[in-house]
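Report on the structure given below.
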Amino acid sequence: MNMLTKQISAEEKGASIGQMSYAFVGGMSSHRKTSPSKARDVNIQDRNRGKTWVAEIQAIHTHQDQGAFAALFSHFAPRVKAFLMKSGADAALAEETTQEVMATLWTKAHMFDPSRASAATWIFTIARNRSIDALRKQRRPEPEELTWGPEAEPDQESALALQQECEHLARAVSELPEKQRVLVERAYFGDLSHSEIAAETGLPLGTIKSRIRLALDRLRHELK
Amino acid sequence: MRDIRHHLTDELLMGYSAGTLPEAFNLVVATHVSLCDECRARLHSFDAVGGVLLEEESASMAHGALEATLALISRKAQEPIQPKPKQPAGAFPGPLYDYVGGDLGAVNWKRMGGGVRQAILKTSKDATVRLLNIPAGAAMPDHGHKGMELTLVLQGAFLDDGERFARGDIEVANEDLAHTPIADIGEDCICLTASDAPLTFNSLAPRLVQPFLRI
């Protein structure tokens, strides 16, 4: 059975399957032996599938909600750790760096903009920056930050639309032909140099880009 | 915001998002994105791919990791808060301002001949990035590339192969392109340019000075 139909039918039934912990064993050498489809199967059984985590991050910002942080931690910390290990960190460095990433999530919660990024996207960018710092010992120049001021915030509707767009993207990535999927993964886990990255990934990024562009236009308008 | 006509390639945006570009390229990309909302939106969409991949696998955290992280957060809360740097209003967008340690006036220019001046910025050694100041109407030495070269205009404009590049525009040149950018008349052209291989000059004189100039 196709993995998507499995996932949808499970959601329709309201099936609540306890969160399976998928232990990622070993370092870089072993992850390449892990087939992507196996990793996806584990995620289907994740009870947090479809959850956006936007409310939890905002609760940290508005009232330092430790319960919301604990929930975010149990979902994202193991994922950040696996990402760092796939990018070449050993288990000890990955553990330490993950704790720093999650602490940064707390201190920068006010900067999360759900009209431009999903929680996973935003946490990915924090983890990537920390890993460049920890693994490659390089400075990471970042673009000027554009943030909403206290008097204007992104509207719920555009935040919701963006979150849905990220869901669509996740589906599209899971449906990529194996060859292209592997290329995309290798690019993001640091296996490809910039001259080896190919533009023809088959990723449908047009719609999500347009959504983000609209959010940026609104933000620019507010900043004027 | 000026309407920018020359943008970054998907390969560069994906490499920046994945974190695999040399630091010198990262600086040019971050500076361009600060000026260009179209590429900022494209970059965020590549970041979204990273978010999707992040969700795919997990590794067990150590026992007591949450408590250790909460302790780290409360230690951080006691550190003095660094004032958020004000966004510069001069010629240099934030990331470049940070690397130079100021705006145009803070640049430590070195003469290159022909009125052209340069300032190499310190980054990791896998690629180099420099500021170039080309007098209005003057030509950059005719050169080809072994690797990739990015040139971002910060002030003035240059003409190359019938195309005009002004503030915020970026030219991405690879090894096939031998070119002679010429600064537009009117004002000096200031560019930020990065390359991952030494340039090769097509006339003898610049080739001789090349080792001294670190081009």
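Scanning the range A:95-108 for residues that are facing chain B (nearest Cβ under 9 Å) and closer than 15 Å to residue B:64 by Cα, which turns out surrounded by the fewest Cβ atoms within 10 Å (Cβ to Cβ)? So, considering only residues that are facing chain B (nearest Cβ under 9 Å) and closer than 15 Å to residue B:64 by Cα, the one surrounded by the fewest Cβ atoms within 10 Å (Cβ to Cβ) is A:100. Is it the case that the range A:195-218 has a residue that's more than 9 Å from chain B (Cβ to nearest Cβ), open to solvent by less than 40 Å² (accessible area, probe 1.4 Å) and touching a residue at least 60 places away in the same chain (Cβ under 8 Å)? Within the range A:195-218 (the criterion being more than 9 Å from chain B (Cβ to nearest Cβ), open to solvent by less than 40 Å² (accessible area, probe 1.4 Å) and touching a residue at least 60 places away in the same chain (Cβ under 8 Å)), the answer is no, since none of the residues qualifies.
Scanning the range A:143-165 for residues that are open to solvent by 50 Å² or more (accessible area, probe 1.4 Å), facing chain B (nearest Cβ under 10 Å) and within 18 Å of the chain's Cα centre (by Cα) gives no hits. Determine which member of the set A:175, A:222 is farther than 29 Å from residue A:88 by Cβ, more than 10 Å from every other protein chain (Cβ to nearest Cβ) and out of contact with any strand residue (DSSP E or B) (no Cβ under 6 Å at 6 or more places or on another chain). Every option except A:222 fails the conditions.
Looking across the range B:92-120, the residues that are assigned to a helix (DSSP H, G or I) and either open to solvent by 60 Å² or more (accessible area, probe 1.4 Å) or without any contact (Cβ under 8 Å) to a residue 40 or more places away in the chain (or both) come down to B:97, B:98, B:100, B:105, B:106. Among the candidates B:89, B:59, the residue that is more than 10 Å from chain A (Cβ to nearest Cβ) and either part of a loop (DSSP other than H, G, I, E, B) or open to solvent by 60 Å² or more (accessible area, probe 1.4 Å) (or both) is uniquely B:89.
Evaluating residue A:188 against the criteria (1) under 16 Å from the mean Cα position of the chain (by Cα); (2) touching a residue at least 12 places away in the same chain (Cβ under 8 Å); (3) crowded, with 18+ Cβ neighbours inside 10 Å leaves one unmet condition, (2).
Where helices (runs of 4 or more DSSP H) fall entirely within the range A:113-224, those with at least 3 residues that are of a type in the set (Asp, Glu) and at pLDDT 90 or above are at A:156-174. Pairing each residue of the range A:133-149 that is in contact (Cβ under 8 Å) with a residue 12 or more places away in the chain with any residue that is in a loop (DSSP other than H, G, I, E, B) and open to solvent by 50 Å² or more (accessible area, probe 1.4 Å), provided the two are 6+ apart or on different chains, yields C-beta distances under 9 Å for A:145/B:84; A:145/B:87.
Does at least one position in the range B:54-70 carry a residue that is over 30 Å from residue B:197 (Cβ atoms) and under 29 Å from the mean Cα position of the chain (by Cα)? So far as the range B:54-70 goes, yes, one or more of its residues are over 30 Å from residue B:197 (Cβ atoms) and under 29 Å from the mean Cα position of the chain (by Cα).
Evaluate the following for residue A:69: is it surrounded by 15 or more Cβ atoms within 10 Å (Cβ to Cβ), over 21 Å from residue A:190 (Cβ atoms) and at pLDDT 95 or above? When the stated conditions are applied, residue A:69 passes them. Restricting the first member to the range A:63-92 and to residues that are under 14 Å from residue A:135 (Cβ atoms), and the second to residues that are modelled with pLDDT of 95 or more and assigned to a loop (DSSP other than H, G, I, E, B), the beta-carbon pairs closer than 7 Å and six or more apart or on different chains are A:81/B:59; A:81/B:61; A:85/B:59.
The values are calculated or read from the model by the stated rules, or taken from the named source; none is laboratory data. Worth saying up front: this structure is predicted, and the values here are computed from it rather than measured. No Cβ is skipped: glycine too gets one built from the backbone with ideal geometry, and neighbour counts run over all protein chains shown. For the accessible areas, the whole protein counts, side chains as well, though only heavy atoms, and no ligand, DNA or RNA atoms are used. Shrake-Rupley method; radii C 1.70, N 1.55, O 1.52, S 1.80 Å.
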